[in-house]
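Please treat every number below as a calculation from the coordinates, not as lab data. Computed from a predicted structure; not experimentally measured. For neighbour counting, all protein chains shown are included, and Cβ atoms are generated from backbone atoms with ideal geometry for every residue, glycine included.
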Amino acid sequence: MLTVFGKRNSGRFCDGLSRRSFLKIGGTALSGLTLPGLLRLEAEAGIKRSHKSLIMIYMCGGPPHQDMYDIKVDAPNEIRGPFKSIKTNVPGVEICEKLPRLAKIMDKVVPIRSVVGARDSHYSYQCVTGHHDQNAPAGGWPHIGSAVSQFQGPVDAGIPPFVSLCYTTKHRPYNEPGAGFLGLGHSSFRPTGPSRDDMVLQGITDDQLSDRRTLLTSFDSFRREWDRSGKMEGMDTFTKRAMGILTSSEMFNSLDLSKEDKVTRDRYGEADLTKPKGDGAPRTPQNFLVARRLVEAGARVVTVNYGFWDWHGNNFKTAEDEFPVFEKGLTALVEDLHERGLDKDVTVLAWGEFGRTPKINKNAGRDHWPRVCSALLAGGGMKTAQVIGSTDRLGGEAADRPVSFQEVFATLYHNLGVNLNSERLFDFRGQPQYLVDPGVEPIVELV
């Protein structure tokens, strides 16, 4: 916790603060023990407003598309499985019978049944950057949250533009990549880590902290003379961000679900942080509610990792346990955004890194299938009440309207109001880079 009270017998400055306490506050850019230091370390470890924003839900492991939004009623049993399809409130659109809540709000969402271009690799990289990590530019491709931070910056000094609610997973590639060639200053703020304990200002006034900001500026000027690595600029950003968070209650309040009434909390469902699924993330639907609170407070991009979807065995038994919890939280989020008038401004995207095999294996599971997968979109002012794309009779190939990851990202940037041509971006070698390949357009059916 941030504190300013030192031992009484230590040296003291004229304002009554101890020398030891001054080092803890005033040396935020140097010590690595306070909020900016934690922000920096986490970034290096990978670990009611009108602004446009994005809530991205990453489903670690690859959810089974043909058991959720693309039921193959005419396929043989070894392909179709035991789940039946049910009608939704959109005529002609059917989904899995185990998703009845979603069926009732199908007019507010858009399943994409024909996402292509995945690879057989359990990693979040493509889902959060739009690119594969193979042949990445110097420094790596940036997370979409980092790109939005670069192009648009914060809405409010007390709320970082990019907040990650993702938990650190045992399988490291599930964890989000950093800011890539955009630099550390555009990394995510991760309140699920130790940073949260530093967000409460204890025992010091805003005026006193402002004095330390002046001293920090002096320290930074000195350090710039010898630090030419590029990290100094990122550190400055972390320090400024920390100051904004520490002098504002908005961030901490946004994370405090006790400020929501019990009816709303119950609507999303219960979180269980003690039981990560496999080597993925915990099953935490209430983080969807935290994400809504954060975008209301001013965050532009909020990411959530949810559950473990790598079901090589007991696919259908697991689905019967997992689907209701996920569906409850997701539908509550979508309905909540509509009820609060945020559906035109907040885009929601839920997806995983690839799909699952059409054929059910000997363990009643489905294996990896990168040839086609699915995604679910909502909000963002998009044209909902439709399905985009289709797969063949067995659910193994895109039969109609294949959609690339790049098209999805072009749509997200469009919804966020980001003009990717407003400034040129360069990697660590000084080579120009494009976050979305030239010629790739937003999904025309949605915008």
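May I ask you to give the average projected area over all directions of the convex hull of the Cα atoms of the stretch 89-155, in nm² rounded to one decimal? All intermediate terms of the calculation are to be shown ahead of the outcome.
Working: hull surface 30.9 nm².
That works out to 7.7 nm², a quarter of the Cα hull's surface.
Here the scattering of the stretch 312-426 is modelled by Debye summation over its C-alpha atoms, one equal scatterer each and no solvent; at q = 0.10, 0.14, 0.19, 0.24 Å⁻¹ the log10 of I(q)/I(0) is -0.42, -0.78, -1.17, -1.35. Here the spin labels are modelled as points 7 Å beyond Cα on the Cα-Cβ line, and at residue 253 and residue 441 they lie 4.4 nm apart.
Multiplying the sequence separation of residue 157 and residue 261 by 0.36 nm and subtracting their Cα-Cα distance, what value in nm do you get? List each step's numbers first, then the result.
Numbers: separation 104, 0.36 × 104 = 37.44 nm, distance 2.68 nm.
Contour length minus the Cα-Cα distance gives 34.8 nm.
Taking 0.890 mPa s as the viscosity and 25 °C as the temperature, the Stokes-Einstein diffusion coefficient of the stretch 46-194 based on its alpha-carbon Kirkwood radius rounds to 136 µm²/s.
With all pairs of separate Cα atoms included, the stretch 104-191 yields a Kirkwood hydrodynamic radius of 14.7 Å. Which whole-angstrom value gives the distance between the alpha carbon centres of the stretch 50-65 and the stretch 103-154? One Cα centre to the other: 9 Å. Measuring between their Cα centroids, the stretch 401-447 and the stretch 155-191 lie 20 Å from each other. The Cα center of the stretch 297-323 and the Cα center of the stretch 361-381 differ in position by 11 Å. For the pair residue 386 and residue 423, label points projected 7 Å from Cα toward Cβ lie 3.4 nm apart. Taking label positions 7 Å along the Cα-Cβ direction at both residue 133 and residue 320, the computed distance is 3.7 nm, reported to one decimal. Based on C-alpha pairs under 8 angstrom that are at least 6 apart in sequence, the stretch 351-409 has a relative contact order of 27 percent.
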